[in-house]
Amino acid sequence: MKKSEIKISVELDEQNIPETIMWDADEKQGEGPSETKSVSLSLWDDKTKNTLRIDLWAKDMPVEDMKRFYIDCIGGMAQSILNSTGDEYMASELNAVCDKFVTHLKNEMS
């Protein structure tokens, strides 16, 4: 059986706020760890039927980028729902939310 590992390393400041977030994976393109400004990880606990979440962002990540990041996350969830379940309604509703958020973000930046 093939095994793949993903590693996330977080450097914290004195107030335990992330300063640097690094990630690496066995199958990642390029050698060595890469820096990122945000990570959102969701894990399904089958025993409790509940989602465990880890959301981290570096303190120097701009707010506008954080909003774009979450729009991309929601869009990715829409595609994952379509791929894993074939539920076109759920996927299209999530994509519609993304469209509303993009419009909101554009208006906010005007």
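The values are calculated or read from the model by the stated rules, or taken from the named source; none is laboratory data. Keep in mind that this is a model prediction, so the values were computed, not measured. Ideal geometry is used to build each Cβ from the backbone, glycine not excepted, and the neighbour counts take in all protein chains shown.
So Ile81 clears everything in (1) in a helix (DSSP H, G or I); (2) exposed (fewer than 14 other Cβ atoms within 10 Å of the Cβ) except one condition, right? Which one?
That leaves (2) as the condition not met.
Tell me, yes or no, whether segment 22-30 has at least one residue that is more than 24 Å from Ile74 (Cα to Cα), among the aliphatic types (A, V, I, L, M) and surrounded by 10 or more Cβ atoms within 10 Å (Cβ to Cβ).
No, that holds for no residue.
Checking Lys47 against (1) loosely packed, with under 11 Cβ neighbours inside 10 Å; (2) basic (Lys, Arg); (3) under 24 Å from Glu108 (Cα atoms): exactly one of these is not met. Which one?
(3)
So, in segment 5-19, of the ones that are outside any loop (DSSP other than H, G, I, E, B) and either in contact (Cβ under 8 Å) with a residue 12 or more places away in the chain or of a type in the set (Val, Ile, Thr) (or both), which residue ends up farthest from Lys59 (Cα to Cα)?
So the first thing to find is which residues in segment 5-19 are outside any loop (DSSP other than H, G, I, E, B), and the list is 6-12, 18-19.
Going one step further and asking which of them are either in contact (Cβ under 8 Å) with a residue 12 or more places away in the chain or of a type in the set (Val, Ile, Thr) (or both), we end up with 6-10, 18-19.
Working: Ile6: 23, Lys7: 20, Ile8: 17, Ser9: 15, Val10: 12, Pro18: 6, Glu19: 6 Å.
Ranking the qualifying residues of segment 5-19, first place goes to Ile6.
Please identify the pairs in which a residue from segment 63-89 that is outside the structural domain of Thr103 (by TED's automatic domain parsing) and without any contact (Cβ under 8 Å) to a residue 12 or more places away in the chain has its Cβ atom under 9 Å from the Cβ atom of a residue that is of a type in the set (Ser, Thr, Tyr) and surrounded by fewer than 12 Cβ atoms within 10 Å (Cβ to Cβ), counting only partners at least 6 apart or on another chain.
That search, which allows pairs on different chains as well, returns nothing.
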